[in-house]
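*Asks:* Handing you this structure, nothing more for now.
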Amino acid sequence: MGTALVYDDEMTKYKLLWVDPVCELEVPERLQVSHQALVRSGLAGRCVPVPVREATDEEVLLVHSAEYLEGVKKTPFMDLEDLMAFTQQYGDVYFHPNIYHCAKLAIGATLQLVDRVMTGKVRNGMALVRPPGHHSQTSQANGFCVFNNVAIAAQYAKKHHGAKRVLIVDWDIHHGQGIQYCFEDDPSVLYFSWHRYEHQSFWPNLRESDFDSVGSGKGAGFNINVPWNQVGMGNSDYLAVFFHVLLPVAYEFGPDLVLISAGFDSAIGDPEGHMCATPDIFAHLTHLLMNLAGGKVCAVLEGGYNLTSLAQSVCQTVQTLLGDPPPHPANLGGPCESALESVHSARSVHKKYWSCLQHAGEPSTKTCRPAQQDGPQGPQSNGGGEAQKEAIAWPEPLQRVAPSVRTALVLPDAVPCADGCERFSPAEGPDSMATAGLRKHFLKESEDGVNVKLLYNITALVGKMEKNEVWHCLPFPFVPSYVLCVCSKHLHINFNHTLTYGCGDTVGLMQAALGLLLPLGYQYAPGLVLLVRPPGCRAREDLWLQLTGLLQGLAAGHTLVLVQENETASVGITASCLLGNAAPSLGSLAAPGPEDVESFERLRLRLQTDWPLLQTTETW
Ligand SMILES: NCCCNCCCCCS
Ligand SMILES: [Zn+2]
């Protein structure tokens, strides 16, 4: 199944007709540069093009009031004076004779995407739209938004596709208050948003954007706000929130659809965000969501006002939706103190609603630490609207070149090759340092009779992966069961980092994968991931497929999965996972067993000093 791309340049045909320094950022070029970047990189050509359509009144009314819709309907016939007057009643937004048409196309594009994903015509996709939507509310436009595209899409998916649980991930740098208000008391829609907040001093300056707005009534626990109280947040801060707040809850929630309010003003260089996360991080954020909901992920453009980082981030997102493994994550350290405070606050206020957070600490009674002079990544201009003094530069994301063979299988002749894969012939070609290292190690082990021929094949495969000729492979059969990460600097297998972690059940393993293995792996930055399925894991096939999917975020996707002799049946589904197809949904996860929680916490606390991406609370 493919990846849909929904775009129409009609949505570039409105713009600001008067002087307004707040709104001048929201320009038609935002959509043009994003689409052109997708075309030039060849990514658009790999997507399934899906036409836009206008939303019907009924679809607009899923979220907005009739009187608001009636008012907006009049704007195409207004002259400049009336348009300015009409605009005055709302905040930080502008109208144009063609914006009503474009706003209906933005909803229609989003719903076209939802239709194709929910009916299985495509696996996932992206809608490149403007005007954005996440700030607009029942009866008002706000923050460049006229209709709430993503909120309407969630209601539409429930009503027309029987979606029971919809997860909305809003990674835009502004709080999508319009979405929060829409689902405040609705437990069928889990809304997650991080946003620049600076203790309510950043727009839209709302008290209800803070971490203690958790939803109300039956919706309590289904609204998660992670406020950024400093600018300069980077890749490690974003990943820490995914590993320790969003993903554990998302897997417990078990959505049947994921909508991403994909705003890229949270990327480096953005005049609104003032953050430092690089465009490649959106490849990882997208990847980490792609095994939820059986892979049904719809990304919908919201903000993003630096045309360079916007275009690069859109490409990173779409290339990952297409199934290409993300690049090696760049310069990961631990999250900064301010980010840790935000992570801790969100976890502690939600521990009563989500069993995966049951061991989170209590809300910190500490007053917030005196603000550092500089943001975590050095000096940033501190004003919301201040123009950045020095132009921010960052390296262009590296080309993510797809090797000729994506997944190779080393199988006994009797076992049929899974479709889409290549059967790998035994080792040939000169030993690289890497394969020599592996060979030396494995041969040392060969006293206990492990299949030496197989080992040669494995080491040859590693050599091919190292030369990026093959991404994944599935040599088979194999005996021992341990997972080891092979570091990327030079190949040494450092068993100090072998992490043995016994789990009672699937839930415990899944939470350990999210809160321990992934942060550790991302920080360790291995050159190769060797995933060995222990005997008898057929019983947890879906869990192992989740792990196989998630771990492809490491080592630029170079994954070696070793399968037991008696598990021929799992070769096909494992190969499918290595080919980029989503793992089957786990559904909603139950509570992890207390003993699992105990051992998980003990291990995390022991390791977090050396591996700061494991931290979930501030260290002071
Ligand atoms: N000082 C007021 C700044 C208002 N900025 C509005 C930004 C809307 C972003 C939509 S993603
Ligand atoms: Zn925004």
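The values are calculated or read from the model by the stated rules, or taken from the named source; none is laboratory data. Owing to the predicted nature of the structure, the values given are computational and were not obtained by experimental measurement. All Cβ positions, even for glycine, are placed from backbone atoms using ideal geometry, and neighbour counts span all protein chains on display. For accessibility, only protein heavy atoms count, side chains too; no ligands or nucleic acids. Shrake-Rupley method; radii C 1.70, N 1.55, O 1.52, S 1.80 Å.
*Asks:* Would you point out which residue out of G527, G502, G508 is over 19 Å from the mean Cα position of the chain (by Cα), open to solvent by 10 Å² or more (accessible area, probe 1.4 Å) and at pLDDT 65 or above?
*Replies:* The conditions single out G527.
*Asks:* Further, regarding this structure: Within 16 Å of ligand 1 (Cβ to nearest atom), crowded, with 24+ Cβ neighbours inside 10 Å and over 14 Å from the mean Cα position of the chain (by Cα): does that describe E272? Steps first, please.
*Replies:* Working: within 16 Å of ligand 1 (Cβ to nearest atom): yes; crowded, with 24+ Cβ neighbours inside 10 Å: no; over 14 Å from the mean Cα position of the chain (by Cα): yes.
Here the answer is no, as E272 does not meet what is asked.
*Asks:* Applying the selection to the stretch 149-193, what residues are away from ligand 2 (no atom under 16 Å from the Cβ) and polar (S, T, N, Q)? Write out each step before concluding.
*Replies:* Here is the first cut: in the stretch 149-193, the ones away from ligand 2 (no atom under 16 Å from the Cβ) are 152-167, 181-190.
Result: Q155, S188.
*Asks:* Follow-up. Within the stretch 112-131, which residues are touching a Lys or Arg at 6+ places or on another chain (Cβ under 9 Å) and of a type in the set (G, A, S)?
*Replies:* G120, G125
*Asks:* Inside the stretch 157-194, can you point out the residues that are part of a helix (DSSP H, G or I), more than 16 Å from ligand 1 (Cβ to nearest atom) and open to solvent by 20 Å² or more (accessible area, probe 1.4 Å)? I'd like the intermediate steps shown before the answer.
*Replies:* Step one: list which residues in the stretch 157-194 are part of a helix (DSSP H, G or I), which gives 157-161, 177-182.
The next check asks that each one be more than 16 Å from ligand 1 (Cβ to nearest atom); those that pass are 157-161, 182.
Listed by number, the residues that qualify are K158, K159, H160, H161, C182.
*Asks:* If you don't mind, there's one more thing I want to ask. What number of residues within the stretch 275-315 are within 21 Å of D237 (Cα to Cα) and more than 11 Å from ligand 1 (Cβ to nearest atom)?
*Replies:* Of the residues in the stretch 275-315, 22 are within 21 Å of D237 (Cα to Cα) and more than 11 Å from ligand 1 (Cβ to nearest atom).
*Asks:* Which residues, taken from the stretch 591-619, are in a loop (DSSP other than H, G, I, E, B) and either exposed (fewer than 12 other Cβ atoms within 10 Å of the Cβ) or charged (D, E, K, R) (or both)? Talk me through it step by step, then tell me what you get.
*Replies:* Restricting attention to the stretch 591-619, the residues satisfying the condition of being in a loop (DSSP other than H, G, I, E, B) are 591-593, 608-611, 615-619.
Correct list: T609, D610, E618, T619.
*Asks:* Give me the pairs: first residue in the stretch 397-420 and more than 27 Å from P279 (Cα to Cα), second residue at pLDDT below 65 and in a loop (DSSP other than H, G, I, E, B), beta-carbon distance under 7 Å, and six or more apart or on different chains, which are they?
*Replies:* Between residues of the stretch 397-420 that are more than 27 Å from P279 (Cα to Cα) and residues that are at pLDDT below 65 and in a loop (DSSP other than H, G, I, E, B), the close pairs are V410/F476; L411/F476.
*Asks:* Another question about this same structure. Give all pairs with beta carbons closer than 9 Å in which a residue from the stretch 119-137 that is among the aliphatic types (A, V, I, L, M) and open to solvent by less than 10 Å² (accessible area, probe 1.4 Å) meets a residue that is part of a loop (DSSP other than H, G, I, E, B) and modelled with pLDDT under 95; count only pairs at least 6 apart in sequence or on separate chains.
*Replies:* So the pair list comes out as V122/M1.
*Asks:* Now, a different point. May I ask you to say which residue of A267, A299 is touching a Pro at 6+ places or on another chain (Cβ under 7 Å), open to solvent by less than 10 Å² (accessible area, probe 1.4 Å) and either within 16 Å of ligand 2 (Cβ to nearest atom) or without any contact (Cβ under 8 Å) to a residue 40 or more places away in the chain (or both)?
*Replies:* Only one candidate qualifies: A267.
*Asks:* Next up: Considering only the stretch 227-250, I want to know if a residue exists there that is within 19 Å of L62 (Cβ to Cβ), assigned to a strand (DSSP E or B) and either of a type outside the set (D, E) or more than 16 Å from ligand 1 (Cβ to nearest atom) (or both).
*Replies:* So far as the stretch 227-250 goes, no, none of its residues is within 19 Å of L62 (Cβ to Cβ), assigned to a strand (DSSP E or B) and either of a type outside the set (D, E) or more than 16 Å from ligand 1 (Cβ to nearest atom) (or both).
*Asks:* Could you please give the count of residues in the stretch 312-338 that are more than 16 Å from ligand 2 (Cβ to nearest atom) and either without any contact (Cβ under 8 Å) to a residue 60 or more places away in the chain or in a helix (DSSP H, G or I) (or both)?
*Replies:* Final tally of qualifying residues: 9.
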